[in-house]
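Notes follow the structure.
The values are calculated or read from the model by the stated rules, or taken from the named source; none is laboratory data. Bear in mind that the values here come from a model prediction, so they are computed numbers and not experimental data. Using ideal geometry, Cβ is built from the backbone for each residue, glycine included, and neighbour counts are taken over all protein chains shown. To get the accessible areas, we keep the full protein, side chains included, count just its heavy atoms, and leave off ligands, DNA and RNA. Shrake-Rupley method; radii C 1.70, N 1.55, O 1.52, S 1.80 Å.
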Amino acid sequence: MRRLTSMLLFYSAVCYMHPPLLCLRASAFDASSSRRDFVSSALAIPALVSAPATSRALLADDDANNKRERPLVVPIKYVPALSAYMVSYTVGGSSFGAIVDTGSPFLLVPSYCDETKYGCFRPQSSVESGLAPTYERFDSNEGMVEWRRAPFSFQQDDFSDSIGVEEQLFPDSMTFGIVSESLMDGPGGIFLGLVKNTDARIRPSFLGQSNVKAFSIDMRAEAEPKTLTLSRNNDAWISGDWVQLNSKILQKAGDPTRHYSAEASISVNGTPLVASDSKRKQKKTYVILDTGVTGMIVCPDLFDERYRIARANREKSLWGHVDVTFATERGDTLTMSATKPLTTPFGSDRPWKKPFDAHLIVVGLAFLDNKKTSIDIDNGRLWIEA
């Protein structure tokens, strides 16, 4: 069984073992309500689907590095009902809205047709991909995903400076997944996955079919509109200090996708959060950046250790103030913080069924919102600006 999202088999197992938890794409809304119900009632969604905000390809300044090509800049919009940022695109000429997701790899559309929700898929606008349908488990839901091909495009103005930019990044036709309605219930939804590299057995990723080598998501308060920027020139994408990404450690543990992850330290309410194994050896902690998650997901041993510390110190809040700190290439530190993030435990210390001699944490918008996150995919570099 193949995965629908970046850690599908892992996350779905978590939700199977902990049914009350909103594990896969944790959000603030009631788990008994579907994301589609909130989409249909959110005023922002019709603008994203039936009359989407437009994207712009911006010219670099005249005095900029001549070697740096124009990136593609696409507006995104925060939808409070979903606790997520959404982006608009067309597949086969039909418009869709999707959650911007740095934790999954695929380009997806819904199988149903409703212009006021995620969009309206029309089978006649696509062709067979040659890939067999797959049966997927999404959260506690199960269903089929069909894989087809069609032209893809972000919604664009007829600005002269956008001509040719998208064509440099994307092929004439792209493989995408059609998500069955049974997979859309509960906290399910449609995601635009930005994880580029995967195992060969995984269906083609969105960015894996493109020439994109770097991207950034600007969710800073002063950014208007908020944007997703894609580029095939990563040489000057991060010009100063950076954090080195490390997906190899997760790959060795069986991760079929190359998540954007880095080694980090974590403290809660001012107290470092570490846990030792049976030999009292302190393990390293790796953090995955996932904009498709609202709060934070923590491996069981760290979750239990945090509970022990809070109880011993008689702390009023289990996850009151959380700091996640990375070491930078130049010997400095970069810290992300969140206040009372929605935090749930994973269902296993072996997320991909192989031994994983480290702690794993997934951080979402509670840490990444109001910041600009830049990722140089090919060189494995990360930088976050407040």
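Observations on the model:
- Ser94 being closer than 19 Å to Asp172 by Cα and open to solvent by less than 10 Å² (accessible area, probe 1.4 Å): yes
- Test result for Ala366, within 17 Å of Glu305 (Cβ to Cβ), small (Gly, Ala, Ser) and in contact (Cβ under 8 Å) with a residue 60 or more places away in the chain: no
- Filtering the stretch 257-291 to residues that are out of contact with any helix residue (DSSP H, G or I) (no Cβ under 9 Å at 6 or more places or on another chain), assigned to a loop (DSSP other than H, G, I, E, B) and within 30 Å of Ile377 (Cβ to Cβ) leaves only Tyr260.
- Elements of type strands (runs of 3 or more DSSP E) contained in the stretch 292-386, each with 2 or more residues being among the aliphatic types (A, V, I, L, M) and more than 19 Å from the chain's Cα centre (by Cα): 321-327
- Assessment of the stretch 213-231 against the conditions (open to solvent by 10 Å² or more (accessible area, probe 1.4 Å) and in contact with a helix residue (DSSP H, G or I) (Cβ under 7 Å, 6 or more places away or on another chain)) yields no matching residue.
- A search for C-beta distances below 9 Å between a residue of the stretch 68-91 that is at positive phi and any residue that is among the aromatic types (Phe, Trp, Tyr) and in a loop (DSSP other than H, G, I, E, B), counting only pairs 6+ apart in sequence or on different chains, returns Ser83/Phe29.
- Hey, Asp255 out of contact with any Asp or Glu (no Cβ under 8 Å at 6 or more places or on another chain), open to solvent by 20 Å² or more (accessible area, probe 1.4 Å) and in contact (Cβ under 8 Å) with a residue 12 or more places away in the chain or not: no
- Subset of the stretch 122-137 (residues that are within 23 Å of the chain's Cα centre (by Cα) and either within 17 Å of Phe96 (Cβ to Cβ) or hydroxyl-bearing (Ser, Thr, Tyr) (or both)): Thr134, Tyr135
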